[in-house]
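*Asks:* Take a look at the following structure, please.
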Amino acid sequence: MYGASVEEVVDGAGLNPAEVGKGVGRLLDVLDGVDADGWYPMLEVVRPWSEHNPRITGEFARPAAIRDYLRRELTALLRKGAAVTARPSRRALPFTDPEFFAALDEERFDLRAKKLFLFGPERMALSLDRLSHYCGTPAESFGRYVLFTNYAMHVEAFKERFPDAEGPARPDVQMPAWHHDGVSLVNIGVGPSNAKTVTDHLAVLRPDAMIMIGHCGGLRNHQRLGDFVLATSYLREDHVLDRVLPLTVPVIPNHRLNTFLLDALDERDARHRLGVVHTTANRNWEFNQATTLAAMQASRAVAVDMESATIAANGFRYRIPNATLLCVSDKPLHASPKLSASASAFYEASKREHLGIALSCVDRVRREHPNGLPSQEIRSPDEPLFGVE
């Protein structure tokens with residue numbers, strides 16, 4: 001039993017490189033033990049190199065769900081000479097406690113303030129529980145790299161490529177997730193609401209990258225069905241995040257992810273176009289065209305979909321590197337609507353290549369950025385969010 005008095009202190013300044021791993025292991029074991037005993041575990045990090053914020057703290061729930069993330073970040077801190085303490089913070093609140101609901105308010109928690117972890121433990125606990133509910137697999141099964149699709153055919157390609165992938169333990173899951181070797185694929189279905197819901201909750205896992213690999217309508221004359229679209233920016237007409245992330249805030253994909261995706265496209269000589277993706281909440285925008293067509297023309301959009309800008313905006317909001325690689329499944333402005341027969345043939349021809357390009361990008365991220373992609377462009381100047389800065 002760990003109780004309220006347990007404490008483990010590891011001072012990186014006094015460790016040789018061979019001892020860092022054992023020190024991190026002791027800290028992680030304390031976090032897990034405190035959690036098992038019904039307390040929120042806390043980490044306190046003293047960073048002697050920081051002039052303005054030498055001491056930062058953070059509380060957690062179910063730290064086993066982010067064990068790999070914690071191991072990596074704590075290792076980097078100790079190697080630079082930080083002193084890290086793991087101990088209990090306070091009794092964990094049950095979901096039924098009225099105070100639990102109040103603690104979920106991100107505006108009360110203040111995402112802008114300097115802190116060790118972006119979320120409070122109550123928010124983390126609820127999101128981990130809801131991930132299991134919506135995706136059908138334990139939150140602990142998610143990998144560091146998350147792909148999103150809006151069609152089941154990408155799931156079929158994933159299972160075909162990785163027959164031993166872990167999937168939902170029950171039928172009729174709203175947004176089924178599949179996992180293999182650190183990569184997760186989530187079928188979020190169609191629409192921005194699901195895209196917001198799942199990224200709200202995935203954010204507590206602090207993934208290294210999120211990539212949308214869905215389908216889109218091509219808006220340019222020379223695009224063909226099966227061509228790829230690599231988003232360089234977004235027109236946010238989904239509106240589900242407008243209150244918490246104003247439309248005046250620019251949202252763009254991660255530059256390195258886009259570079260890796262572009263290289264993978266070029267290596268395969270795959271037809272593609274770069275440009276603005278128009279994300280709408282209205283699946284039937286064709287029935288009331290004037291406003292949408294004017295926005296498409298003004299923004300010089302090359303594609304329209306219903307999820308990409310939502311994922312990108314939440315990625316920006318929660319400091320997660322992200323990118324979008326879509327495949328043209330119809331051309332609504334050029335007498336080539338999405339019809340059942342042609343869509344089925346297109347899906348069968350494109351699904352393996354689409355998934356393969358995304359996985360090629362992930363493999364390169366793993367090789368070249370094992371400690372995570374640089375994320376300065378989506379972090380506030382005063383945020384360490386772990387790390388050693």
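*Asks:* Round to the nearest 0.05 the FRET efficiency obtained for Asn221 and Arg366 when R0 = 51 Å and r is the Cβ-Cβ distance.
*Replies:* With R0 = 51 Å, the Cβ-Cβ based efficiency is 0.85.
*Asks:* Taking Cα atoms, how many degrees apart are the long axis of helix 152-161 and the longest axis of the chain, rounded to 10 and kept between 0 and 90?
*Replies:* In the chain, helix 152-161 runs at an angle near 60 degrees to the longest axis.
*Asks:* So, by mean Cβ neighbours within 10 angstrom, what's the order for 202-210, 22-30, 166-174 with the highest one leading?
*Replies:* 202-210, 22-30, 166-174
*Asks:* Per DSSP helix of 4 or more residues, -39500 (n - 2.57); summed, then divided by the residues of the chain. What does that give at 222 nm, rounded to the nearest 500?
*Replies:* -11500 deg cm²/dmol
*Asks:* Per residue, what volume in Å³ does the Cα convex hull of region 8-113 take up?
*Replies:* Enclosed volume per residue, from the Cα hull, is 102 Å³.
*Asks:* Using a Gaussian network model of the chain whose springs link C-alpha atoms within less than 10 Å, name the residue from Ala358, Ala290, Ala165 with the highest mean-square fluctuation.
*Replies:* Its mean-square fluctuation being the largest, the pick is Ala290.
*Asks:* P(r) tail for region 43-201, what percent of Cα pairs lie past 20 Å?
*Replies:* The calculated P(r) of region 43-201 puts 58 percent of pairs beyond 20 Å.
*Asks:* Here's another thing I want to ask about it. Identify which of Arg55, Arg283, Arg144 has the largest mean-square fluctuation in a Gaussian network model of the chain, with springs joining Cα atoms closer than 10 Å.
*Replies:* Largest GNM mean-square fluctuation: Arg283.
*Asks:* Picking from Leu205, His239, Val84, whose Cα lies most toward the positive end of the charge dipole for the chain (charges on Cβ: Lys, Arg +1; Asp, Glu -1)?
*Replies:* His239
*Asks:* If the elastic network links every pair of Cα atoms under 10 Å, which of His222, His201, His272 fluctuates the most in the Gaussian network model of the chain?
*Replies:* His222
*Asks:* Roughly how far apart, in whole Å, are the Cα centres of region 78-93 and region 25-42?
*Replies:* 9 Å
*Asks:* How tilted is helix 289-299 with respect to the longest principal axis of the chain? Cα atoms for both, answer in degrees (0 to 90, nearest 10).
*Replies:* Around 70 degrees separate the two axes.
*Asks:* Sticking with this structure for a sec: Binning at 10 angstrom from zero up to the longest distance, how are the C-alpha pair distances of region 210-306 distributed in percent?
*Replies:* Histogram of Cα-Cα distances, whole percents per bin: 14, 46, 32, 8, 0.
*Asks:* Here's another thing I want to ask about it. Amide H neighbours of Tyr234 under 5 Å, counting only residues 5+ apart in sequence or on other chains, H built in-plane at 1.01 Å?
*Replies:* Val251, Val277
*Asks:* Kindly give the semi-axes, whole Å and largest first, of the ellipsoid equivalent to the chain, taking each as the square root of 5 times a Cα gyration tensor eigenvalue.
*Replies:* Output for the chain: semi-axes of 39, 21, 20 Å.
*Asks:* Calculate how many DSSP beta bridges within the chain are antiparallel, expressed in % of all such bridges and rounded to the nearest 5.
*Replies:* 50 percent
*Asks:* What order do Arg90, Arg161, Arg123 take when sorted by accessible area (1.4 Å probe), most exposed first?
*Replies:* Putting Arg90, Arg161, Arg123 in descending order of accessible area: Arg161, Arg90, Arg123.
*Asks:* Another question, if that's okay. What does the charge count around Tyr234 come to, taking other residues whose C-beta lies under 12 Å from its C-beta (Lys +1, Arg +1, Asp -1, Glu -1)?
*Replies:* In short, -3.
*Asks:* What is the local net charge at Arg67, summed over the other residues whose Cβ is closer than 9 Å to its Cβ (Lys, Arg +1; Asp, Glu -1)?
*Replies:* -2
*Asks:* Quote the charge dipole size of the chain about the Cα centre in Debye, to the nearest 20; the model charges only the Cβ of Lys and Arg (+1) and of Asp and Glu (-1).
*Replies:* For this selection, approximately 660 debye.
The values are calculated or read from the model by the stated rules, or taken from the named source; none is laboratory data. Small disclaimer: the values here were computed from a predicted structure and weren't measured. All Cβ positions, even for glycine, are placed from backbone atoms using ideal geometry, and neighbour counts span all protein chains on display. The protein model used for the area step is the full one, side chains on, heavy atoms only, and it has no ligands, DNA or RNA in it. Shrake-Rupley method; radii C 1.70, N 1.55, O 1.52, S 1.80 Å.
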